[in-house]
Amino acid sequence: MTPLALLTTALVMTVAALVWFGIHFYLNSFMENPDGIAKVTGSCGDTMEIALKFNGSKVEDTHSWTDGCAISKMCLETAVMLARGKTLPELRKIDTAAILEKVGNLPDTHIHCAILAETTLQKALDVYVLKLSETNAGETDRLEKSLQSDGLHDQTAAVSAENPKYVVYLFPSFNYVAKAEKILKERGIAYKLIPVPRHISSDCGVCLRIMEGQREITSETLQGKVSWENIVAL
């Protein structure tokens with residue numbers, strides 16, 4: 001290859017790199033003065049960041065970033081897509097199940113990507129709610145009460161306690177988890193989809209966390225409908 005050809009190739013590669021960097025920066029540019037922002041690193045080592053800008057009571061603009069794999073990026077982008085145009089009560093309904101419904105079936109080994117996206121979004125909302133409480137306590141109370149009145153299947157719907165105790169239901173695979181989740185949602189039983197804690201042995205990457213006080217009703221509800229492997233106290 002001649003020196004001219006080498007120089008031409010180098011220039012083409014440099015231009016291509018600059019164009020890619022410019023497009024990436026444009027699509028992932030930092031949001032100035034976000035109303036809510038959070039950066040979370042999961043147990044897998046991936047880090048996600050979500051920033052939210054509100055116009056009135058609804059999300060007007062979003063920013064997202066991750067150093068994770070393609071599936072992590074897909075789950076993160078799905079979370080912010082679902083967040084656009086939503087109010088606070090609607091945003092609180094965006095959970096792992098909602099993200100998975102949009103991205104489709106994922107291997108059990110990558111369910112944690114959707115969980116991390118949900119966690120990052122909800123932490124960004126927590127920051128937004130905290131800012132609201134500093135400027136307009138009455139509005140924050142109204143929004144949170146309307147959220148609780150929806151009877152959501154998240155921690156906000158659980159019975160309050162100073163030191164809540166939890167148990168986790170372990171299942172053979174995510175298909176069992178999804179079936180149990182649907183049943184609990186229909187019954188209005190509070191739960192949380194979380195990665196299986198490291199000190200617990202399980203072939204499935206995720207489990208359902210339930211408040212200890214709801215263990216009996218949860219077991220009765222799932223009995224004969226979906227099988228679980230074990231119940232472990234946290």
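Quick note: the coordinates plus some simple rules give every number you see, no bench work behind them. What you see is a predicted model; the values in this text were computed from it and never measured. Neighbour counts are summed over all protein chains in view; Cβ atoms, including those assigned to glycine, are modelled from backbone coordinates with ideal geometry.
Each residue of region 115-120 was assigned a 3J(HN,Hα) from its phi angle through the Karplus expression (A = 6.51, B = -1.76, C = 1.60, θ = phi - 60°), giving 5, 5, 5, 4, 4, 5 Hz with x at Gly and Pro.
Each residue in MET211, MET13 was given a count of other beta-carbon atoms within 10 angstrom of its own, and listing them fewest first yields MET13, MET211.
For CYS207, the residues whose amide H sits under 5 Å from its own are ILE194, VAL196, ignoring neighbours fewer than 5 places away on the same chain, with H placed 1.01 Å from N. Of all alpha-carbon pairs in region 156-233, indicate the percentage at a distance above 18 angstrom. Considering region 156-233, 33 percent of its Cα-Cα pairs are separated by more than 18 Å. Please give the net charge around ILE50, taking every other residue with its beta carbon less than 12 angstrom from that of ILE50, where Lys and Arg add +1 and Asp and Glu add -1. Around ILE50, the charge tally is -2. Here the 3J(HN,Hα) profile of region 39-49, calculated from phi with Karplus coefficients 6.51, -1.76 and 1.60 at θ = phi - 60°, is 10, 10, 9, x, 5, 6, x, 6, 10, 10, 9 Hz, Gly and Pro shown as x. Rounded to the nearest 20, the Cβ-based charge dipole of region 156-233 about its Cα centre (Lys and Arg +1, Asp and Glu -1) stands at 180 debye.
Check the straight Cα-Cα distances from LYS73 and name the lysines below 19 Å, setting aside those fewer than 8 residues away within the same chain. Once the sequence-local lysines are set aside, what remains near LYS73 is LYS39, LYS102, LYS123. Roughly how large, in nm² to one decimal, is the mean projection of the convex hull of the alpha-carbon atoms in region 36-150? Computed as one quarter of the Cα hull surface, the answer is 6.9 nm². Close amide H partners of GLU229, meaning residues 5 or more places away or on another chain with modelled amide H under 5 Å apart, are LEU170, PHE171. Close amide H partners of GLY36, meaning residues 5 or more places away or on another chain with modelled amide H under 5 Å apart, are LEU52.
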